[in-house]
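Data first, discussion second: the structure below is written as structure tokens.
The values are calculated or read from the model by the stated rules, or taken from the named source; none is laboratory data. Only a predicted model underlies this, so the values are computations on that prediction, with no experimental measurement involved. Neighbour counts run over all protein chains shown; Cβ positions are idealised from the backbone, glycine included.
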Amino acid sequence: MPSFQYKAVDKTGRPVRGGLEAVNEADLELRLRRMNLDLITCRQVDRKTSRLAGGGRIVRRDLINFCFDVEQMSRSGIPILEGLRDLRNSLENPRFREVLTIMIEDMEGGKVLSQCMASHPEVFDKVFVSLVAAGEQTGRLPEVFQSLADSLKWQDELVSQTRRLLIYPSMVMAVVLAVVMFLLIYLVPQVTGLLKTMGVPLPIQTRVLIGASNIVVEWWPVIFGLPAIAAIVVAVSFSRNSRMQYFWDNAKLRLPIVGTILQKIILARFATFFALMYESGITVLDAMKTSEDIVGNRVIADGLMRAGAQVSAGASLTECFHNLGIFPPLVIRMLRVGENTGALDVALRNVNYFYTRDVRESVDKALKMLEPAITLGLGMVLALIMWSVLSPVYDVLGKLKF
């Protein structure tokens, strides 16, 4: 279906720009009218350009609001189709409004909500669609959307915590690097000329600093360019080589401090979505198969694939998770109790709570440790440079007789 880039106005006369798929200009005008927009001008573009012009991307916050609104509509007894029409007219994100317009037209054509969502994988991923489909089959659509909203909120908080963990060290390291480069490129060469005119013997630390300054001044294109080129080569190699991707995912899990936190984040995400799928009526094997794409780590995904094979061979779920070697004994015990009592979804919720609290505490602890450690490191680097630069000067001044 052709894509169009359009300019329209809403009921208040405010101009609106975006992109939308339509059979022709008449169909485009009809679709915009359903969105309470009046077409002014349009032109046909390729699908990629239309998507970029359609108001940007749909962020997690948009999906959280969407899940909350649909959950409230379902609980209130409002038909999904009518509710989506009302919701579309209240959306501020033009890209999301266009997606809902297409979904509404598909539902009018006889498709169910999950099938309409499956046509937009860039917005609704495989897990989202599977959960909605399970909710439609079991009649628990409000509970599914409530769980999805809670899960997306948790992911949003987790991303925020991770950014808190990374932003401060990144900013401090950038400042440290900039200061060190300034000292090596500008300050040290000037002091070197002064020391040479004095004709004094230089201590070892000063000679090392002068040598480092000369290397940076003469070879700075290589020093800055080579790591960038190496990073690009490594990134391209990793994107094309599955064995290297597996090696990198395994290395990330073995990093000190960060690796432990990352593993807890992955397992908390797995427990959350596995519980969602299980209580929505999705079978254990299907839930484990889908979870392989959720965790975002090939090592853990490979472990889940092996566990799924053991479950299909007749082994218990708790035994399979124990064989993976990535869950602590307390979590295994919770899963065993949940499986024996038939309340596996409750046990998985407890696992999620266990890891979520542990991740939050680990991030807070890491932040408290990082700030003084980085400040101390910065002070030591600057003190070493100043000591190397000023110690010969003080030696000369100490030999002067007044």
Quiz item: Could you say which residue among Arg269, Arg240, Arg298 is charged (D, E, K, R), loosely packed, with under 12 Cβ neighbours inside 10 Å and assigned by TED's automatic domain parsing to the domain that holds Arg336?
Solution: Arg240
Quiz prompt | Lone qualifier among Ile104, Ile78 - being β-branched (Val, Ile, Thr) and free of Cβ contacts under 8 Å to residues at least 24 places away in the same chain | solution = Ile78
Practice problem: Go through Val175, Val180 for me and flag whichever is in contact (Cβ under 8 Å) with a residue 60 or more places away in the chain and either of a type in the set (Ser, Thr, Tyr) or surrounded by 15 or more Cβ atoms within 10 Å (Cβ to Cβ) (or both). | Solution: Val180
Quiz item: Do we have any residue at all in the stretch 389-402 that's of a type in the set (D, E, K, R), loosely packed, with under 12 Cβ neighbours inside 10 Å, within 30 Å of the chain's Cα centre (by Cα) and in a helix (DSSP H, G or I)?
Solution: no
Quiz prompt | Cβ-Cβ under 9 Å pairs, at least 6 apart or on other chains, the stretch 359-371 side closer than 18 Å to Asp156 by Cβ, far side β-branched (Val, Ile, Thr) and in a helix (DSSP H, G or I) | solution = Val359/Ile261; Val359/Ile265; Val363/Thr162; Val363/Ile261
Quiz prompt | Sole residue being touching a residue at least 24 places away in the same chain (Cβ under 8 Å) and surrounded by 17 or more Cβ atoms within 10 Å (Cβ to Cβ), chosen from Val144, Val112, Val129 | solution = Val144
Practice problem: Report yes if some residue within the stretch 216-230 is in the same structural domain as Lys368 (by TED's automatic domain parsing), farther than 24 Å from Arg60 by Cβ and touching a Phe, Trp or Tyr at 6+ places or on another chain (Cβ under 8 Å); otherwise report no. | Solution: no
Quiz item: Which members of the stretch 9-38 meet the condition of being among the aliphatic types (A, V, I, L, M) and over 34 Å from the mean Cα position of the chain (by Cα)?
Solution: Val9, Val23, Ala26, Leu28, Leu30, Leu37
Self-check item: Single condition Pro203 does not satisfy, out of (1) within 39 Å of the chain's Cα centre (by Cα); (2) in contact (Cβ under 8 Å) with a residue 12 or more places away in the chain
Solution: (1)
Quiz item: Restricting attention to the stretch 106-143, and to residues there that are β-branched (Val, Ile, Thr) and at pLDDT 85 or above, which single residue is farthest from Thr272 (Cα to Cα)?
Solution: Val112
Quiz item: Does Glu136 satisfy being within 30 Å of Val359 (Cβ to Cβ), in a helix (DSSP H, G or I), outside the structural domain of Ile385 (by TED's automatic domain parsing) and more than 21 Å from the chain's Cα centre (by Cα)?
Solution: no
